[in-house]
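The values are calculated or read from the model by the stated rules, or taken from the named source; none is laboratory data. If you're wondering where the values come from, they're calculated on a predicted model, not measured in any experiment. Glycine gets a Cβ as well: all are built from the backbone with ideal geometry, and neighbour counts include every protein chain shown. To get the accessible areas, we keep the full protein, side chains included, count just its heavy atoms, and leave off ligands, DNA and RNA. Shrake-Rupley method; radii C 1.70, N 1.55, O 1.52, S 1.80 Å.
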Amino acid sequence: AQSVTQPDIHITVSEGASLELRCNYSYGATPYLFWYVQSPGQGLQLLLKYFSGDTLVQGIKGFEAEFKRSQSSFNLRKPSVHWSDAAEYFCAANSGGYNKLIFGAGTRLAVHP
Amino acid sequence: EAGVAQSPRYKIIEKRQSVAFWCNPISGHATLYWYQQILGQGPKLLIQFQNNGVVDDSQLPKDRFSAERLKGVDSTLKIQPAKLEDSAVYLCASSPLGGGGVTDTQYFGPGTRLTVL
């Protein structure tokens, strides 16, 4: 079955430190991949997406993600975290067709001053 | 441009009662989605409309959940009767294209938090 796994439920980093959030997928073929962020009481906001081409994707708010086919991964990174980045992050994928997204369970990020 | 609007933002009901949620998508967006997000989980698609028609409702519990999209614009999601396990955030999203293409970004509303006692 198609699935998206985010191994880390909760991550805490210090402000200014680098960040990497992990995402693995299980699909028959390479899916289309997305990262969303959800702040408390807010809807999901798209950070970036990967369809094809360059495996390093730049997104909004200084985030980037790297697609690695050999590892079935699409990890999200940021070189220097700000306190305002504290939120929940969701990795999602679809295989085309009618754009049905399958989400991971999310990683909650806490940022220490 | 206005975003996806949802109401109410919060709802508390007792089990076996009924409840309805409303969604107004971004103007001109052809596709509308309803997701259920249970605490500690990612959103799960309940139903997807393309204009007036249903594209995917395979994960909608049809014995108690119903949804409609009138005139291809606003949509309502109803639960009748509610169960304890229906406690969740219900998210509405819309996307601009009608063909469901994979480049068709979904824009999410703030959600409705439902608590069933």
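Using a Gaussian network for chain B with springs between C-alpha atoms less than 10 Å apart, which of these wobbles most: B:Q48, B:Q17, B:Q37? Evaluated over chain B, the most mobile residue of the options is B:Q17. For chain A, modelled as a GNM whose springs connect Cα atoms under 10 angstrom apart, the maximal fluctuation among A:F74, A:F103, A:F90 occurs at A:F103. Taken along the Cα-to-beta-carbon direction at a fixed 7 Å, the label points for B:S7 and A:D54 span 4.4 nm. Evaluated at q = 0.18, 0.23 Å⁻¹, a Debye calculation over the C-alpha positions of the range A:2-44 (equal weights, vacuum) places log10 I(q)/I(0) at -0.75, -1.02. Using the Cβ-Cβ distance between B:Q17 and B:I38 with R0 = 25 Å, the FRET efficiency computed as 1/(1 + (r/R0)^6) comes to roughly 0.85. Given +1 at the Cβ of Lys and Arg, -1 at the Cβ of Asp and Glu and no other charges, the dipole of the protein assembly as shown around its Cα centre is 440 debye to the nearest 20. In this structure A:I11 has an accessible area near 30 Å², from a 1.4 Å probe over the protein heavy atoms. Just so you know, the averaged projected area of the alpha carbon convex hull for the protein assembly as shown sits at 12.7 nm². If the chain linking A:Q42 and A:K61 were pulled fully straight, counting 0.36 nm for each residue of separation and taking away their Cα-Cα distance, it would gain 5.2 nm. Here B:Y10 sits with roughly 150 square angstrom of accessible surface, probe radius 1.4 Å.
Relative contact order of chain B, taken over Cα pairs closer than 8 Å and 6 or more residues apart, is 37 percent. By a 1.4 Å probe calculation restricted to protein chains, A:H10 has an accessible surface near 110 Å², given to the nearest 10.
Could you compute Rg(Cα) / (2.2 N^0.38 Å) for chain A, with N its residue count? Rg over 2.2 N^0.38 Å, computed on Cα atoms: 1.02.
So how strong a dipole does chain A carry about its Cα centre when Lys and Arg Cβ are +1 and Asp and Glu Cβ are -1, to the nearest 20 debye? If you can, show how the numbers build up before the last one.
Values: 9 positive and 8 negative charges, 51 e Å.
Dipole about the Cα centre, nearest 20: 240 debye.
Quick one: ranking A:R77, B:R9 by accessible area, 1.4 Å probe, largest first, what do you get? Each step should come with its number before you reach the end.
On the way: A:R77 65, B:R9 85 Å².
Descending order: B:R9, A:R77.
Taking the Cα centre of chain B as origin and assigning +1 to Lys and Arg Cβ atoms and -1 to Asp and Glu Cβ atoms, the resulting dipole is close to 380 debye. Between A:A17 and A:Q2, the contour length at 0.36 nm per residue exceeds the Cα-Cα span by 2.1 nm.
In whole Hz, what ³J(HN,Hα) sequence does the range B:17-22 give by Karplus (6.51, -1.76, 1.60; θ = phi - 60°), x for Gly and Pro? Taking θ as phi minus 60°, the curve returns 7, 10, 8, 9, 10, 10 Hz for the range B:17-22.
Each residue of the range A:80-89 was assigned a 3J(HN,Hα) from its phi angle through the Karplus curve 6.51 cos²θ - 1.76 cosθ + 1.60 (θ = phi - 60°); the sequence is 8, 7, 10, 4, 6, 7, 4, 4, 10, 10 Hz, with glycine and proline shown as x.
Per residue of A:38-45, count partner chain C-beta atoms within 10 Å of its C-beta, then hand back the mean as an integer.
The shielding value for this peptide is 6.
Which whole-percent values make up P(r) of the range B:5-93 when all C-alpha to C-alpha distances are grouped in 5 Å steps starting at zero? Here the calculated profile for the range B:5-93 is 3, 15, 26, 27, 18, 9, 2, 0.
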